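Asker: My structure is below; once you've seen it, I'll send some questions.
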Amino acid sequence: MPTITYVEPGGAQHTLTLPLGATLMEGAVQNDVKGILAECGGSCMCATCHVYIDEEFLDLLPDIEEEEAEMLEGTTAERRPNSRLGCQVRVSNKLDGLIVRIPDRQ
Amino acid sequence: MTGQVVIVGSGHAGFQAAASLREEGFAGGITLVSADDGLPSQKPPLSKGFLQGKQTEESLLFRVPAWYETNAVTLRLGVRVVQIDPLGSQLKTETGDAIPYTHLILATGAANRPLPCPGADDVLYLRNLADARRIGARLEQARRVAIVGGGFIGLELAAVAAENRKTVTVVEAGSRLMERVLPPVLSGVFRRVHEQQGVQIRLNTVAQCIEKQNESYSIQLSDGQTVAADLVLAGIGVIPETNLAQAAGLVCDNGIVVNEYGQTSVSNIYAVGDCANQYNPFARRRLRLESVQNAVDQAKTAAKHLMGEAHPYRVVPWFWTHQYHLKLQMAGISAGYDQFSVAGNPETDTFSVYYYADGQLIAVDSLNRPGDHLKARKLLEAGSCLPAHSER
Ligand SMILES: Cc1cc2nc3c(=O)[nH]c(=O)nc-3n(C[C@H](O)[C@H](O)[C@H](O)COP(=O)(O)OP(=O)(O)OC[C@H]3O[C@@H](n4cnc5c(N)ncnc54)[C@H](O)[C@@H]3O)c2cc1C
Ligand code: FES
């Protein structure tokens, strides 16, 4: 099972082992990592699960689909090239060691 | 602050109340009592991803099991509360236990309205995980599925069944789908797409009685037609769970009446979520909302108030539904609009409807236009002093 490190807006780090297939959003919210709201519970409807992905891993992530792209346009914190919606990225073995930074606003 | 907060109900509102109290630094005891027996989990996917087999039960959990221990939230699951004693500040459970509190938060939600026709005993309804498991199992066996009620839940169920190649019929009393909340242009799109997927839509008619023959059902409709089915589901609205509150003498009127902080007519008892009736500045009146947003934000407001921070409830209401490729996001409350405009392309199922009352923007429904929805929430949040046809 892959290990993911979340960095909260305040700098606190949480390294968690997540089940394959869980989303980055679920991993954070279910384990009480602060800073992700996930108001829609992962339906790609709210854009409050915005995260910044460690550059090294960007290419290993699934492509950004159109609806995610449009939601990313509306994030509260600045959209960057490494922005993703946490609920649209599923954890796989390739992502073992990934570092995910959480913006200060959602 | 210390004391004993007891929360009744472990849905979106009850869970959030517990989580927010700890986040706000509440140091006393928290007990979450619920008739539901599983760990607190999300509802919206039950009629969508969960029944489609895309989301597992684990993925629905609000928190991992260890969270409750770490945060000293005592769970009393599978326990029904049968009485509130406001003078003695305690609850009584079905099994006769007394649970004392200093503050009580009622998050009892709502129950499905039963189909009022003879022969409806076998009809299934969807409200919680146990219901969803049951419907999922029956759906696998069924070939023909009849759904009474063309509202959000009925139509989400219809979409799941149609995608599973069932023969699906939807029976709706109104003259169009989701009539209570959507304008004709949106009802029309949903009807067209459901029909393209093979769903039979019967409007302006109600189920008068259901006859069982062997393992199948025949539903007699008021327009003289009949629908044959192996499985009958109904989603014809809900009734707020106010029995406990009413029996305890709390003021109720289409829900438990609360002030802008979530307090009921008894000041150490709060009510939040589907069961609560509160003034909503975005609707410009009192109402009861049935949405995750409302459950979560009312719970946050009540938790803050309990901790001594009084912020009146003021959050833009929003809601969504997902059927086939149709993702509809609704911001604000459109009821009472006197003017509307459409932006985007209705032909490709990508457009937004902007609603105005007295020249002010009051709500926006976005179909497959998530960017519009996010902007709309910000516009509505910024204050409803926008003239009609303002910035899009
Ligand atoms: C299938 C389905 C799909 C939905 N889809 C969406 C959607 O897409 N978007 C959206 O925003 N909203 C959706 N909703 C609505 C949303 O889920 C509700 O608004 C929300 O769950 C309300 O939360 P609540 O905590 O107020 O009530 P509930 O979630 O209903 O929780 C009520 C709780 O109270 C408990 N309870 C009641 N009485 C007692 C008692 N006497 N003793 C002990 N426990 C008691 C119940 O067991 C339950 O745990 C959907 C609802 C359903 C059922
Ligand atoms: S959780 Fe709502 S968009 Fe990801």
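The values are calculated or read from the model by the stated rules, or taken from the named source; none is laboratory data. Here the structure is a predicted model, which means the values were calculated and not measured. Every residue, glycine as well, gets a Cβ built from its backbone with ideal geometry; the counts of neighbours run over all protein chains shown. Heads up: the accessible areas ignore ligands, DNA and RNA and are worked out on the full protein's heavy atoms, side chains in. Shrake-Rupley method; radii C 1.70, N 1.55, O 1.52, S 1.80 Å.
Asker: Within 14 Å of ligand 1 (Cβ to nearest atom) and either surrounded by 14 or more Cβ atoms within 10 Å (Cβ to Cβ) or more than 30 Å from B:Phe152 (Cα to Cα) (or both): is that true of B:Gly88 in this structure? Working first, answer last.
Answerer: Values: within 14 Å of ligand 1 (Cβ to nearest atom): no; either surrounded by 14 or more Cβ atoms within 10 Å (Cβ to Cβ) or more than 30 Å from B:Phe152 (Cα to Cα) (or both): yes.
So B:Gly88 does not fit the description; no.
Asker: Considering only the range B:279-297, state which residues are more than 16 Å from ligand 2 (Cβ to nearest atom) and either open to solvent by 10 Å² or more (accessible area, probe 1.4 Å) or of a type in the set (A, V, I, L, M, F, W, C) (or both).
Answerer: B:Tyr279, B:Pro281, B:Phe282, B:Ala283, B:Arg284, B:Arg285, B:Arg286, B:Leu287, B:Arg288, B:Leu289, B:Glu290 - these are the residues of the range B:279-297 that are more than 16 Å from ligand 2 (Cβ to nearest atom) and either open to solvent by 10 Å² or more (accessible area, probe 1.4 Å) or of a type in the set (A, V, I, L, M, F, W, C) (or both).
Asker: Mind telling me which of the residues A:Glu78, A:Glu55 ends up being away from every other protein chain (no Cβ under 13 Å), open to solvent by 30 Å² or more (accessible area, probe 1.4 Å), under 30 Å from B:Glu381 (Cα atoms) and out of contact with any strand residue (DSSP E or B) (no Cβ under 8 Å at 6 or more places or on another chain)? Outline the logic, then answer.
Answerer: Values: A:Glu55 fails: under 30 Å from B:Glu381 (Cα atoms).
Just one listed residue meets the conditions, A:Glu78.
Asker: Any idea which of (1) over 30 Å from B:Met330 (Cα atoms); (2) out of contact with any Phe, Trp or Tyr (no Cβ under 6 Å at 6 or more places or on another chain) is the one A:Thr75 doesn't satisfy?
Answerer: Failing condition for A:Thr75: (1).
Asker: Then there's this: Spot the failing condition for A:Glu66; the list is (1) at pLDDT below 95; (2) away from every other protein chain (no Cβ under 14 Å), and only one is missed.
Answerer: Status for A:Glu66: all satisfied but (2).
Asker: Turning to a different aspect of this structure: Kindly list the number of the only condition in (1) more than 14 Å from every other protein chain (Cβ to nearest Cβ); (2) open to solvent by 70 Å² or more (accessible area, probe 1.4 Å); (3) assigned to a loop (DSSP other than H, G, I, E, B) that fails for A:Gly11.
Answerer: Looking at each condition in turn, A:Gly11 falls short on (2).
Asker: Just to be sure I understand, how many residues within the range B:1-25 are part of a loop (DSSP other than H, G, I, E, B) and either under 18 Å from B:Phe62 (Cβ atoms) or open to solvent by 30 Å² or more (accessible area, probe 1.4 Å) (or both)?
Answerer: 7
Asker: Still on this structure, I have one more. In the range B:26-73, what residues are within 16 Å of ligand 2 (Cβ to nearest atom) and part of a loop (DSSP other than H, G, I, E, B)?
Answerer: Pass one, the range B:26-73, residues within 16 Å of ligand 2 (Cβ to nearest atom): B:41-45, B:48-50, B:54-55, B:59-63.
Correct list: B:Gln42, B:Lys43, B:Lys48, B:Gly49, B:Phe50, B:Lys54, B:Gln55, B:Phe62, B:Arg63.
Asker: Let me ask something else about it. Going through B:Thr74, B:Thr102, B:Thr70, B:Thr95 one at a time, which residue ends up being open to solvent by 60 Å² or more (accessible area, probe 1.4 Å) and within 12 Å of chain A (Cβ to nearest Cβ)?
Answerer: Values: B:Thr74 fails: within 12 Å of chain A (Cβ to nearest Cβ); B:Thr102 fails: within 12 Å of chain A (Cβ to nearest Cβ); B:Thr95 fails: within 12 Å of chain A (Cβ to nearest Cβ).
From the options B:Thr74, B:Thr102, B:Thr70, B:Thr95, the qualifying one is B:Thr70.
Asker: Residue check: is A:Gly42 open to solvent by less than 20 Å² (accessible area, probe 1.4 Å), free of Cβ contacts under 8 Å to residues at least 60 places away in the same chain and at the interface with chain B (Cβ under 10 Å from one of its Cβ atoms)?
Answerer: No: the conditions fail for A:Gly42.
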